[in-house]
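**Q** First the structure, which I've put down as structure tokens, then a few questions once you've had a look.
The values are calculated or read from the model by the stated rules, or taken from the named source; none is laboratory data. What you see is a predicted model; the values in this text were computed from it and never measured. Positions of Cβ are generated from backbone atoms using ideal geometry, with glycine treated the same way; all protein chains shown enter the neighbour counts. Only protein heavy atoms, including side chains, enter the accessible area calculation; ligands, DNA and RNA are left aside. Shrake-Rupley method; radii C 1.70, N 1.55, O 1.52, S 1.80 Å.
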Amino acid sequence: MAPRLRYKSDVRLADGIRRLGFRKWYERELLKSHAHLTLTFLCTVGLLGAFEAASQFRGLQDQMTNAAAIVGSGAIGVWALRRYLYLLMHAESVANQADCPQCGAYARFKLVEGRAEGAGVAVCCRDCTHQWSIAD
Ligand SMILES: [Zn+2]
């Protein structure tokens, strides 16, 4: 299994569902991912502006400052794009497993407490009480 990115700000799936419920957790993950997409867009604008300004600067200090702006915008933009894709794919991956395999109810489940994490998050359908695991 490929290692996944882990960030301190990540709310682990089980904790997020326990605290917010699945629908709110999913909504927040999508909002967070799209906030990172907005940051990627802003970094792109900053990068284009810095490249355009590069031809205007003659002094070494101005050129160095501009180079730092290019490197900074590029690095933050790449990080934000990776974070956007990770958050979006993770949320979609979980949402694709939110259908009850038995009755087909979407996102109508609660956590089954006390099961070891790592093998997925155990959930139980609110409608038919069927249990299944959602891979995190
Ligand atoms: Zn069900």
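**Q** Could you give the size of the charge dipole of the chain about its Cα centre, using +1 on the Cβ of each K and R and -1 on the Cβ of each D and E, expressed in debye and rounded to the nearest 20?
**A** Approximately 340 debye in magnitude.
**Q** In whole percent, how big is the carbon plus sulfur part of the accessible area of the chain, probe 1.4 Å, protein atoms only?
**A** On the chain, the fraction of accessible area on carbon and sulfur atoms equals 61 percent.
**Q** Rounded to the nearest 500 deg cm²/dmol, what is the calculated helix-only ellipticity per residue at 222 nm for the chain, with -39500 (n - 2.57) per DSSP H run of length n ≥ 4?
**A** Value at 222 nm, helices only, nearest 500: -20000 deg cm²/dmol.
**Q** Could you do me a favour and compute the accessible area per residue for the chain, 1.4 Å probe, result in Å²?
**A** Normalised by residue count, the accessible surface of the chain is 64 Å².
**Q** What is the set of long-range amide H partners of Ala107 at a cut-off below 5 Å, with H atoms built 1.01 Å from backbone N?
**A** Long-range HN contacts for Ala107: Asp99, Cys100.
**Q** Now a separate question. Taking H as built 1.01 Å from N, whose amide H comes closer than 5 Å to the amide H of Val112, not counting residues under 5 places away?
**A** Distant-sequence amide H within range of Val112: Ala122, Val123, Cys124.
**Q** Taking the alpha carbon gyration tensor of region 8-136, what are the square roots of 5 times its eigenvalues, largest first, to the nearest whole Å?
**A** 45, 13, 9
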